[in-house]
Amino acid sequence: MARNLTNRIIIVVLMLALGLWIDLSDKLQLINPVNDAVIFERSVTPRLGLDLQGGLQVLLEADLPADAQAPGTDEMETARTIIENRTNALGVSENLIQLAGERRIVGEFPGAEDADAILDIIQQTGLLEFVDTGDIRPEEGTVIQTDFATGSTTPTPTDGTGTQTVYHTIMTGKEIKSVNVSPDPQGGAAIDFVLTPEGTTIFAAHTAANIGKVLAITLDKRVISAPSIQGAIPDGQGQITGNFTAESANALAVQLRYGSLPVPLKVVESRIIGPTLGEDSLQRSLVAGLVGITIVMLFMGIYYRLPGITADISILLFAVILFAIFKLIGVTLTLPGIAGIMLSTGSALDANILVFERLKEELRGGRVLRQAFDQAWSRAWPSIRDSNIAALITAGILFWFGSTFGATIVKGFSLTLSIGVVISLFSSLYITRTLLALALEVFKPKNLERWIGI
């Protein structure tokens, strides 16, 4: 029988209590009883994927000519990081941004309500320029040409033939060190910025030499503000004003804070999943899972008798522990992920079936119950080990495939499957063995055909 049965029972009970605590809570919190100070606090609200709660899925591609050289991996990874930071700053949490091949990025935004705002901010290159327009004050929203794009170091004036003036870029947004949104005196919003040391030197010299001139501020060549230089600004601090609302100012601040995209991106495909469809998918998945597990548990209890009942209890404990781990580490649940969970549940039952069949063979071979019990687990272990290793290798390959090619469905399935297989292995080898040993100690069955079904 299982050694140190009392200790094993205590461990199982503690794990069950901890799992239930996490499963039934949205926030974990430990408070110091002496001064009521919070020692530990963490949100464990279940994270649902795009297909379970609705949201936005978008496929982006580098907007470059067909004959242009493909962007480098570092550039695409930088673009991915910037998009993730931008959308996080807009309050779009639990998003998933990953590379898909050499030129594409897949973005998933579960629960996203304003799809247009997300698409706008992730597509904009975000190139901020401080442009010397001399005595000309372009209107806000006007698109102008600057020498930053042409590589020229001096402005090119109009030649009288209608050619558009190319204005001189003093510096770009890369010289901005920090940026914040603040209210302006007119009741709108403004963007306060602090420059880097190099940017401070450039800005101080230009403002001192061009008092009374116009310094236009453009985003992707479009004028967002065109103030006059009232005096020298030597401290590297300034403010961008214009017709900003709190929302538009915050969106601009996000772009400035996280930099410009190294490559322009275009939306190849976007898909919006409504919350009603996601909720319906979740409900159907739960019903299907409940029906399936009920049928399996009935089969185990009827066919394997006492061992089957202990296996049923073990599967319930497995579900409690698995869900607690998912909540604790922040796994995002999707429909493919739920399929991975159900498959890992089958792995736990497979292990139990191997052990129980081995137990019957040992008893039919004339061994006493205690010997048969010990031999069943030791002799079934090689088969259980090999099958679970094969499952983990397969899950690892699928996870690599999903990460490399942006197949989030495959990635979610492989992640939940691998975690489930590990927990199911512990469940079948430790929890089931402990519960069955306890049951045999309590009931001390004499009629083995009736209790075990040999």
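The values are calculated or read from the model by the stated rules, or taken from the named source; none is laboratory data. Given the structure is predicted, the values throughout are model-derived calculations rather than measurements. Cβ placement follows ideal geometry from the backbone for every residue including glycine, while neighbour counts extend to all protein chains displayed. The protein model used for the area step is the full one, side chains on, heavy atoms only, and it has no ligands, DNA or RNA in it. Shrake-Rupley method; radii C 1.70, N 1.55, O 1.52, S 1.80 Å.
Kindly count the pairs of lysines across the chain whose alpha carbons are less than 17 Å apart, treating pairs on different chains or eight or more residues apart as eligible.
Value for the chain: 4.
Normalised by the residues of the chain, what does the relative contact order come to in percent, with Cα pairs under 8 Å and at least six apart?
Once divided by the residue count of the chain, the mean separation gives 20 percent.
Evaluate the distance, in nm, between pseudo-label points positioned 7 Å from the Cα of residue 443 and of residue 114 along their respective Cα→Cβ axes.
Modelled inter-label distance: 6.1 nm.
Taking loop as defined by DSSP and a crowding limit of 15 other beta carbons within 10 Å, which chymotrypsin sites (Phe, Trp or Tyr not before Pro) in region 280-354 fit?
Of the chymotrypsin sites (Phe, Trp or Tyr not before Pro), not one in the loops of region 280-354 has a Cβ with at most 15 other Cβ atoms within 10 Å.
Please calculate how many Å² of accessible area the chain carries per residue, with a 1.4 Å probe and no DNA, RNA or ligand atoms counted.
Working: 23230 Å² over 454 residues.
Normalised by residue count, the accessible surface of the chain is 51 Å².
Counting Lys and Arg as +1 and Asp and Glu as -1, what is the net charge of the other residues whose Cβ lies under 15 Å from the Cβ of residue 342? Could you put the intermediate results ahead of the total?
Details: positive: 284; negative: 350.
Taking every Cβ under 15 Å from that of residue 342, the sum is 0.
Say R0 is 22 Å: what FRET efficiency, to the nearest 0.05, do residue 10 and residue 325 get from their beta-carbon distance?
Computed FRET efficiency for residue 10 and residue 325: 0.60.
Only Lys, Arg, Asp and Glu count, each charged at its Cβ (+1, +1, -1, -1), so figure out the dipole size of the chain about its Cα centre, rounded to 20 debye.
Rounded to the nearest 20 debye, it is 3040 debye.
Output the 0 to 90 degree angle, nearest 10, between the alpha-carbon long axis of helix 275-329 and the longest principal axis computed from the alpha carbons of the chain.
Computed tilt is about 20 degrees.
Specify the angular offset, from 0 to 90 degrees and rounded to the nearest 10, of the alpha carbon long axis of helix 5-23 from the longest principal axis of the alpha carbons in the chain.
Helix 5-23 and the main axis of the chain meet at about 40 degrees.
Run through all the Cα pairs of region 236-387 and give the fraction in each 10 Å bin from 0, expressed as whole percent.
8, 23, 21, 15, 11, 9, 7, 4, 1, 0
Per DSSP helix of 4 or more residues, -39500 (n - 2.57); summed, then divided by the residues of the chain. What does that give at 222 nm, rounded to the nearest 500?
Values: 13 runs with 235 residues, N = 454.
Result for the chain, helices only: -17500 deg cm²/dmol.
From Cα pairs below 8 angstrom and at least 6 apart in sequence, can you work out the relative contact order of region 327-412, rounded to a whole percent? Can you show the working numbers first?
Numbers: 45 pairs, mean separation 27.6, N = 86.
Computed value for region 327-412: 32 percent relative contact order.
To the nearest µm²/s, what D does Stokes-Einstein give for region 176-288 at 4 °C and 1.567 mPa s, using the Kirkwood radius over alpha carbon pairs as Rh? Write out the running numbers ahead of the final one.
Values: Rh = 17.2 Å.
Estimated diffusion coefficient is 75 µm²/s.
Measure nothing fancy, just the Cα-based angle from helix 369-405's long axis to the longest principal axis of the chain, in degrees from 0 to 90, nearest 10.
Roughly 20 degrees, rounded to the nearest 10.
In region 100-139, carbon and sulfur make up what percent of the accessible area (probe 1.4 Å)? Don't jump to the answer; show the numbers that get you there.
On the way: 750 of 1840 Å².
Exposed carbon and sulfur together represent 41 percent of the surface.
At 0.692 mPa s and 37 °C, plugging the Kirkwood radius over alpha-carbon pairs of region 340-454 into Stokes-Einstein gives what diffusion coefficient in µm²/s?
Values: Rh = 15.5 Å.
Calculated translational D: 211 µm²/s.
Roughly how many Å is it from the Cα centre of region 205-276 to that of region 1-74, as a whole number?
36 Å
Which percent of Cα pairs goes in each bin when the distances of the chain are cut into 10 angstrom slices starting at zero?
Calculated over all Cα pairs of the chain, the distribution is 4, 16, 20, 17, 14, 11, 8, 6, 3, 1, 0 percent.
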